[in-house]
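No value in this document is a laboratory result; all are computed from the given coordinates. Computed from a predicted model, the values in this text were never measured in an experiment. Cβ sites come from the backbone with ideal geometry, for glycine too, and all protein chains shown count toward neighbours.
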């Protein structure tokens with residue numbers, strides 16, 4: 001899908017790094033060539049934005065399935081795919097196949113499995129998977145318990161200049177827990193683990209990344225103690241970044257009441273004090289990335305007793321609206337919102353996308369930030385509608401999406 005004619009989008013509000021200003025954007029051969037005071041030229045396709053936001057297409061860092069209709073609905077033009085596939089992404093051929101799987105209207109950036117079979121015991125062929133198209137390395141849904149293996153992984157990743165995406169949860173403490181230890185887990189009689197299971201894993205991984213001089217991305221940081229560790233590491237100059245999904249800044253463990261399995265997530269929902277700490281960390285810059293964690297699960301995985309249900313939520317369609325709620329609540333501004341959703345993820349993956357800048361790829365979303373709609377699990381574009389936000393009214397919808405300067409849909 002190659003851009004055949006130049007495209008100029010006019011009369012919009014450009015969401016640029018650090019500012020929002022009225023103007024236009026021009027794209028030629030799939031790249032952005034003009035921003036701001038831009039006039040359409042003869043032969044251009046012209047789109048009138050009508051005062052809507054002109055923003056970068058979202059870069060979703062850490063999804064578990066390629067679900068193009070859901071991604072397009074949510075304004076996502078690229079996604080980093082976790083290695084937890086069947087079979088795992090621990091072989092160059094699998095990485096290469098998935099790197100081409102979404103084209104031309106969606107780009108998949110596979111994350112290579114850190115260890116063979118994601119078993120945490122033997123490093124995978126990381127350099128070969130880099131050559132095959134991997135854009136990072138991930139430990140998958142599990143934490144690597146062996147510190148020696150984790151240190152070797154981080155040193156190898158530093159040599160390859162790839163970020164390591166880590167799941168931060170000490171398995172020795174977490175075990176088979178499905179909830180955070182506290183009043184709600186006790187009331188429901190659910191197997192639980194202390195929130196400190198996350199902080200212990202975060203502390204060790206930061207220490208090892210500091211030794212190795214590696215780039216470490218903690219995919220989900222959901223507790224106050226863990227966020228304090230990330231803040232301290234950043235002050236020391238450690239190359240650590242932190243992510244979170246909307247569930248952990250919108251919901252507390254009270255959402256598990258009545259054993260609602262759509263709220264069965266990994267890591268589990270935390271107490272209200274931790275939820276508030278996550279919101280604060282988004283506001284002060286401790287958290288760098290907000291991703292959907294998109295993981296569609298059908299009835300066979302969710303219509304089970306809470307402790308037996310699989311974790312995960314279909315998050316691609318609601319991601320943008322949830323982050324825009326932080327803008328309306330004055331937690332962050334629009335440029336910061338799109339840094340969290342696109343700019344920083346693109347930087348971590350090393351792709352020329354995620355911001356409206358010259359010579360970046362023309363992945364662009366037109367957004368009506370005030371458009372109201374209701375999240376409905378029954379009407380989602382995703383392959384399954386397992387969302388904890390079912391029935392929630394929200395604001396903010398993508399009205400047009402362009403991949404490489406070509407309209408999608």
- Task: Specify which of the listed residues (20, 33) is over 26 Å from residue 380 (Cβ atoms), touching a residue at least 12 places away in the same chain (Cβ under 8 Å), in contact with a helix residue (DSSP H, G or I) (Cβ under 6 Å, 6 or more places away or on another chain) and assigned to a strand (DSSP E or B).
- Result: 20
- Matching residues in segment 115-150 - criterion: being part of a helix (DSSP H, G or I), touching a residue at least 40 places away in the same chain (Cβ under 8 Å) and surrounded by fewer than 18 Cβ atoms within 10 Å (Cβ to Cβ): 147
- Counted residues, segment 366-391 - those being touching a residue at least 24 places away in the same chain (Cβ under 8 Å), in a loop (DSSP other than H, G, I, E, B) and closer than 13 Å to residue 262 by Cβ: 10
- Task: Answer yes or no: is there a residue in segment 182-191 that is touching a residue at least 60 places away in the same chain (Cβ under 8 Å), buried (at least 18 other Cβ atoms within 10 Å of the Cβ) and under 22 Å from the mean Cα position of the chain (by Cα).
- Result: no
- Given (1) closer than 20 Å to residue 171 by Cβ; (2) in contact (Cβ under 8 Å) with a residue 40 or more places away in the chain; (3) under 19 Å from the mean Cα position of the chain (by Cα), index of the condition residue 241 fails: (1)
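Yes/no per residue for (1) closer than 25 Å to residue 382 by Cα; (2) touching a helix residue (DSSP H, G or I) at 6+ places or on another chain (Cβ under 7 Å); (3) in contact (Cβ under 8 Å) with a residue 60 or more places away in the chain:
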position	(1), (2), (3)
237	no, no, no
248	yes, yes, no
256	yes, yes, yes
293	yes, no, yes
303	yes, no, no
- Task: Restrict the check to segment 195-217 and report whether at least one residue is under 20 Å from the mean Cα position of the chain (by Cα), part of a strand (DSSP E or B) and under 25 Å from residue 63 (Cα atoms).
- Result: yes
